[in-house]
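Here is the structure we will look at.
The values are calculated or read from the model by the stated rules, or taken from the named source; none is laboratory data. Given the structure is predicted, the values throughout are model-derived calculations rather than measurements. Cβ atoms come from the backbone with ideal geometry, glycine included; neighbour counts cover every protein chain shown. The area values use the complete protein model at the heavy-atom level, side chains included, leaving out ligands, DNA and RNA. Shrake-Rupley method; radii C 1.70, N 1.55, O 1.52, S 1.80 Å.
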Amino acid sequence: METQNSISGNLVYQRKLKGLTQKDLSEKTNVTVRTIQRIEKGESEPHLQTVKLLAAALEIEVEDLLPLQDPKEENIQKKWLLMIHATPFLGFILPLFNIFIPLFVWIHKRDDNPVYDNHGRKVINFQITITLLFLISFIALVSVEGVGFFLFIAILPLAAIVMILNVISAVNKGTCFYPLSIPFISKRKNISNKNNKTAAAVIFLVFSTAFSSYSQNIQRLDNSTITRDSLKRHIEYLMQEARVTGIGLSVFNNDEIAYTKSFGFRNNNEGLVLNETTNMYGASLSKAVFSVIVMKLVEDNVIDLDIPLESYLPKKIYEYEPQAKWHDDYSDLRNDTLYHKITGRMCLAHTSGFPNWRFFEPDKKLRVKQEPGSRYMYSGEGMVYLQVVLEKLTGKSFEDLAQEIVFQPLKMENSSFKWQPEFENDYANGHNKLEQAYKKDKDNEPRAPSTLETTIEDYNKFLLAALNQKIITENSWKEIFRPQIRIRSLRQFGPLSEKDGNLNDDINLSYGLGWGLYRTPYGWAASKGGHGSGFEHFSVLFPEVGKGILIMTNSENGESIFKELLEVALKDVYTPWEWNNYIPYDAEIKP
């Protein structure tokens with residue numbers, strides 16, 4: 001425990017030296033207060049990634065907290081040394097690439113091993129010096145006879161010889177020497193990590209105009225930014241701490257994808273890696289897609305949202321012979337006195353009065369439990385009812401409607417409301433809290449609120465369509481994102497869903513058509529989650545500012561990191577995580 005005790009003492013010393021409380025440090029790092037307390041008491045040995053986050057927030061070197069003898073630290077790899085020393089040769093072809101490329105590599109690798117940091121600084125300093133000397137020699141060429149010409153023709157061959165010798169030395173011996181270099185980026189004990197970062201930032205800004213696609217950071221709601229590397233480290237840290245098996249995360253800026261990446265495994269039992277193109281069960285993300293399908297049919301005058309659905313059919317819904325296994329069997333409604341009032345708007349806004357699913361009822365029977373249109377009550381059955389009516393009106397299956405209206409126009413080629421044979425090659429299993437894989441359910445019949453099979457890549461396309469108002473008209477999107485019912489329940493599910501209060505009055509929590517809504521300083525936010533069979537997802541868009549996020553996980557621990565991911569990736573502190581029951585993995589359990 002000697003190493004651990006050293007960490008605890010160093011952390012307390014450095015934190016107090018900076019005048020920070022444990023809460024201040026937690027806010028700067030997104031490492032929880034409880035975790036910091038355990039480290040400082042010597043009760044927990046932190047992961048190397050946690051130490052790096054703490055060191056960055058304290059503006060010190062990692063060595064100041066812990067001698068880097070951790071086996072997780074990356075070993076020196078010749079390929080990275082070769083890249084650091086050899087990529088500047090691109091500058092002979094493309095101006096300034098001799099500086100920008102090694103700078104880019106150094107920024108991304110310097111924290112992995114001190115050798116990369118040392119070599120990278122020397123290469124960058126030399127390349128900046130040579131570039132300045134080249135500019136000076138060019139000026140001398142046109143202003144000083146004789147000497148100017150000699151300097152101009154000598155500078156590039158000299159640089160090439162030094163670079164070649166250092167490539168050989170770095171790869172074979174792990175050493176390098178660049179003469180004549182001006183130390184634009186230096187590393188001394190009396191110079192803080194912050195100053196090094198500042199120097200790197202200044203150099204980066206000078207050359208970033210031509211290379212913005214490489215250097216763009218992720219912009220958050222409050223216009224602060226986070227680097228891709230920082231976000232990646234936070235995701236990996238949270239996955240490890242909360243035991244989240246696999247995750248795909250996308251961030252949207254300016255109505256475009258600013259970041260998208262997958263992490264972890266699609267099947268933990270077999271060690272199969274999750275990719276952006278891996279099939280994932282979408283669960284209730286289905287409902288957002290359904291809202292667009294319905295609004296397109298409204299535009300085509302197939303249905304009116306405010307006309308009772310029963311009036312569209314030539315006979316009572318319970319008189320139809322069921323065509324599916326169970327979801328279109330409405331024989332339980334024969335004596336129901338309320339279902340005939342239900343409209344399409346009520347089904348999309350979860351005010352139909354139907355329960356979430358009939359099989360959750362004590363007697364497994366379907367009934368209308370409250371006056372239609374009177375109060376929010378989450379209901380998959382309500383949307384299935386609307387689906388069944390639309391299928392009868394159009395004469396088309398729901399899968400055909402989805403393909404025709406959404407999937408084909410958006411080129412969502414790996415999406416369907418039923419299992420497809422082509423999904424077999426690359427699909428994710430859901431996982432329990434112990435990260436054990438569930439068997440994949442492949443025999444679902446298409447149901448509008450719940451059976452979407454999709455990928456991170458495909459659902460990105462759908463959210464982009466929502467941000468850019470594709471598929472349906474601007475007025476239809478406005479109607480989807482317009483509050484239809486105010487929500488006052490204390491929770492979305494469970495006993496507290498039947499109890500009202502003022503928990504979310506500050507954000508005017510409401511429901512639109514297929515999407516949850518809440519007011520923020522950045523306009524109305526439109527969200528949709530999904531939960532089932534070992535998958536837990538969440539998406540939220542801020543259409544007025546063109547930003548948003550998609551989180552898809554194949555883990556029953558997924559929701560436990562949603563709150564922190566929203567805050568870190570997007571500075572979203574408005575999503576009602578408590579109402580959604582997204583309890584953080586490290587929250588104290590109340591008795």
Exercise. Enumerate the calculated ³J(HN,Hα) couplings along the stretch 243-259 in order (Karplus 6.51 cos²θ - 1.76 cosθ + 1.60, θ = phi - 60°), each rounded to whole Hz, writing x wherever the residue is Gly or Pro.
Key: 6, 8, 5, x, 8, x, 9, 10, 10, 10, 10, 6, 6, 9, 6, 9, 7
Practice problem: Cross-chain or 8 or more residues apart, Cα under 26 Å: how many lysine pairs in the stretch 353-425 fit that? Count them up, please. | Solution: 8
Quiz item: What FRET efficiency do you get for residue 320 and residue 371 if R0 is 25 Å and r is their Cβ-Cβ distance, rounded to the nearest 0.05?
Solution: 0.50
Quiz prompt | Separation of alpha-carbon centers, the stretch 117-186 and the stretch 552-587, rounded to whole Å | solution = 50 Å
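Heavy atoms only, probe 1.4 angstrom, no DNA, RNA or ligands counted: give me 477, 357, 577 ranked by accessible area, highest first.
The residues order as 577, 357, 477, largest area first.
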Quiz item: Assuming R0 = 35 Å, what is the FRET efficiency of residue 277 and residue 587, from their Cβ-Cβ distance, to the nearest 0.05?
Solution: 0.55
Quiz prompt | Backbone N under 15 Å from the residue 337 label point (7 Å along Cα→Cβ), restricted to the stretch 364-385 | solution = 368-372
Self-check item: Whole-Hz ³J(HN,Hα) from phi, Karplus 6.51 cos²θ - 1.76 cosθ + 1.60, for the stretch 400-412, glycine and proline x
Solution: 5, 5, 5, 5, 5, 8, 10, 5, 5, x, 8, 6, 7
Self-check item: Heavy-atom accessible area per residue - the chain, 1.4 Å, Å²
Solution: 46 Å²
Quiz item: residue 45: accessible area at probe 1.4 Å, nearest 10 Å²?
Solution: 120 Å²
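Could you work out how much longer the chain between residue 79 and residue 299 gets when fully extended? Use 0.36 nm per residue separation minus the Cα distance between them, nm to one decimal.
Difference between extended and current length: 73.5 nm.
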Practice problem: Per residue of the stretch 391-397, in order, report the coupling 6.51 cos²θ - 1.76 cosθ + 1.60 (Karplus, θ = phi - 60°) as ³J(HN,Hα) in whole Hz, putting x for Gly and Pro. | Solution: 4, 6, 6, 8, x, 10, 6
Exercise. Over all directions, average the projected area of the Cα convex hull of the stretch 291-333 and note it in nm².
Key: 3.9 nm²
Quiz item: Do any GluC sites (Glu not before Pro) in the stretch 246-339 lie in a DSSP loop with no more than 11 other beta carbon atoms within 10 Å, and if so, which?
Solution: 270
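On the accessible surface of the chain, probed at 1.4 Å, how many percent belong to carbon and sulfur atoms?
Here carbon and sulfur together make up 53 percent of the probe-accessible area.
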Quiz prompt | Amide H contacts under 5 Å for residue 427, placed H, 5+ residues apart | solution = 279
Self-check item: Inter-centroid distance (Cα atoms) of the stretch 519-551 relative to the stretch 1-63, Å
Solution: 32 Å
Quiz item: Counting only residues 5 or more places away or on other chains, whose amide H sits under 5 Å from the amide H of residue 529 once H atoms are built in the peptide plane?
Solution: 539
Quiz item: When only the heavy atoms of the protein chains count and the probe is 1.4 Å, how do 347, 176 rank by accessible area, highest first?
Solution: 176, 347
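Can you tell me how the stretch 96-182 classifies by the Cα gyration tensor, rounded, prolate or oblate, using a/c under 1.5 as the rounded cut?
prolate
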Quiz prompt | CD proxy at 222 nm, helix term only [per DSSP H run n ≥ 4: -39500 (n - 2.57); per residue of the chain; nearest 500] | solution = -12000 deg cm²/dmol
Exercise. If a/c stays under 1.5 just call it rounded; otherwise compare a/b with b/c (prolate if a/b is bigger, oblate if not). Do that for the stretch 454-544, with a ≥ b ≥ c from the square roots of the Cα gyration tensor eigenvalues.
Key: oblate
Quiz item: Among rounded, prolate and oblate, which fits the stretch 345-450 when a ≥ b ≥ c are the square roots of the eigenvalues of its C-alpha gyration tensor, a/c under 1.5 means rounded, and a/b larger than b/c means prolate?
Solution: oblate
Quiz item: To the nearest Å, what is the center-to-center distance of the stretch 484-500 and the stretch 274-327, using C-alpha atoms only?
Solution: 24 Å
Quiz prompt | Neighbour-limited loop hits for GluC sites (Glu not before Pro), the stretch 518-563 (at most 14 other Cβ within 10 Å; DSSP other than H, G, I, E, B) | solution = 544
Quiz item: What is the chain's relative contact order, in percent, from Cα pairs under 8 angstrom and six or more apart in sequence?
Solution: 13 percent
Quiz item: Accessible area, 1.4 Å probe, largest first: how do 522, 385 sort?
Solution: 522, 385
